[in-house]
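Worksheet for the structure shown next.
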Amino acid sequence: VDTKVLLKALRVSNLFARDSNHMVRFTVEPASEEAPAKMIVTSTSAEAGDNIAGLDAVVTGPEGVISFNGRYMLDVLSAIDDAQITLETTRPSAPGVVRPYGDSSYLCVVMLMHDSNAPTKK
């Protein structure tokens with residue numbers, strides 16, 4: 001994912017996420033015949049409504065949803081000067097790993113937030 005585009009989306013999402021302990025949901029969708037791969041950044045405010053930002057992304061693996069504290073993600077992304085980042089997850093109940101794309105010299109582990117409203121697969 002492009003670092004600057006994600007940073008901009010997170011700044012806006014955090015305005016909406018204040019009411020929910022800064023919870024920001026990240027949904028990744030792999031490419032299909034109908035649409036390219038994407039990351040959707042979502043946050044909710046009881047007063048202002050929902051904020052949804054769709055970002056171009058390279059997705060390897062299945063569709064997934066995980067929630068993080070948006071302020072923590074802003075801190076992580078602000079420390080990365082590279083043009084692209086990699087967000088690695090294994091499941092919605094495990095921490096995520098953020099690193100500059102193609103660079104193993106910087107690594108940040110971000111704890112997830114339990115999201116009782118996250119969609120579940122059946």
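The values are calculated or read from the model by the stated rules, or taken from the named source; none is laboratory data. None of the values given here were measured: they were computed from a predicted structure. Glycine gets a Cβ as well: all are built from the backbone with ideal geometry, and neighbour counts include every protein chain shown. Surface areas here come from the heavy atoms of the whole protein model, side chains and all, with no ligands, DNA or RNA. Shrake-Rupley method; radii C 1.70, N 1.55, O 1.52, S 1.80 Å.
In the set 109, 98, which member is at pLDDT 90 or above, of a type in the set (A, V, I, L, M) and more than 12 Å from the chain's Cα centre (by Cα)?
Among 109, 98, only 109 is at pLDDT 90 or above, of a type in the set (A, V, I, L, M) and more than 12 Å from the chain's Cα centre (by Cα).
Considering (1) more than 22 Å from residue 105 (Cβ to Cβ); (2) in contact (Cβ under 8 Å) with a residue 24 or more places away in the chain; (3) within 13 Å of the chain's Cα centre (by Cα); (4) not in a loop (DSSP other than H, G, I, E, B), say which one residue 77 fails and leave the rest.
Of everything listed in (1) more than 22 Å from residue 105 (Cβ to Cβ); (2) in contact (Cβ under 8 Å) with a residue 24 or more places away in the chain; (3) within 13 Å of the chain's Cα centre (by Cα); (4) not in a loop (DSSP other than H, G, I, E, B), residue 77 misses just condition (1).
Take the residues in the stretch 14-50 that are touching a helix residue (DSSP H, G or I) at 6+ places or on another chain (Cβ under 8 Å), closer than 22 Å to residue 4 by Cα and small (Gly, Ala, Ser), then tell me which one is modelled with the lowest pLDDT.
That would be 17.
Run residue 57 past the list (1) surrounded by 17 or more Cβ atoms within 10 Å (Cβ to Cβ); (2) touching a strand residue (DSSP E or B) at 6+ places or on another chain (Cβ under 6 Å); (3) over 24 Å from residue 103 (Cα atoms) and report the number of the one that doesn't hold.
Exception for residue 57: condition (3).
Residues that are closer than 19 Å to residue 90 by Cα and under 14 Å from the mean Cα position of the chain (by Cα): list the strands (runs of 3 or more DSSP E) wholly contained in the stretch 1-66 that include at least 2 such residues.
In the stretch 1-66, the matching strands (runs of 3 or more DSSP E) lie at 23-29, 38-45.
Can we say residue 36 is touching a residue at least 24 places away in the same chain (Cβ under 8 Å) and open to solvent by 70 Å² or more (accessible area, probe 1.4 Å)? Show your work before the answer.
Values: touching a residue at least 24 places away in the same chain (Cβ under 8 Å): no; open to solvent by 70 Å² or more (accessible area, probe 1.4 Å): yes.
Here the answer is no, as residue 36 does not meet what is asked.
If we scan the stretch 113-122, do we find a residue that is under 24 Å from residue 44 (Cα atoms), open to solvent by 80 Å² or more (accessible area, probe 1.4 Å), assigned to a loop (DSSP other than H, G, I, E, B) and at pLDDT 85 or above?
No, that holds for no residue.
Say we look at the stretch 95-107 and pick out the residues that are farther than 14 Å from residue 69 by Cα and not basic (Lys, Arg); which of these is surrounded by the most Cβ atoms within 10 Å (Cβ to Cβ)?
100
Which ones in the stretch 82-115 are farther than 21 Å from residue 14 by Cα, of a type outside the set (Ser, Thr, Tyr) and touching a Pro at 6+ places or on another chain (Cβ under 8 Å)?
Correct list: 82 only.
Is the stretch 58-75 home to any residue that is at pLDDT below 90 and of a type in the set (Asp, Glu)?
no
Restricting the search to the stretch 1-29, which residues are over 14 Å from residue 87 (Cβ atoms) and free of Cβ contacts under 8 Å to residues at least 60 places away in the same chain?
8, 12, 13, 15, 16, 17, 18, 19, 20, 22
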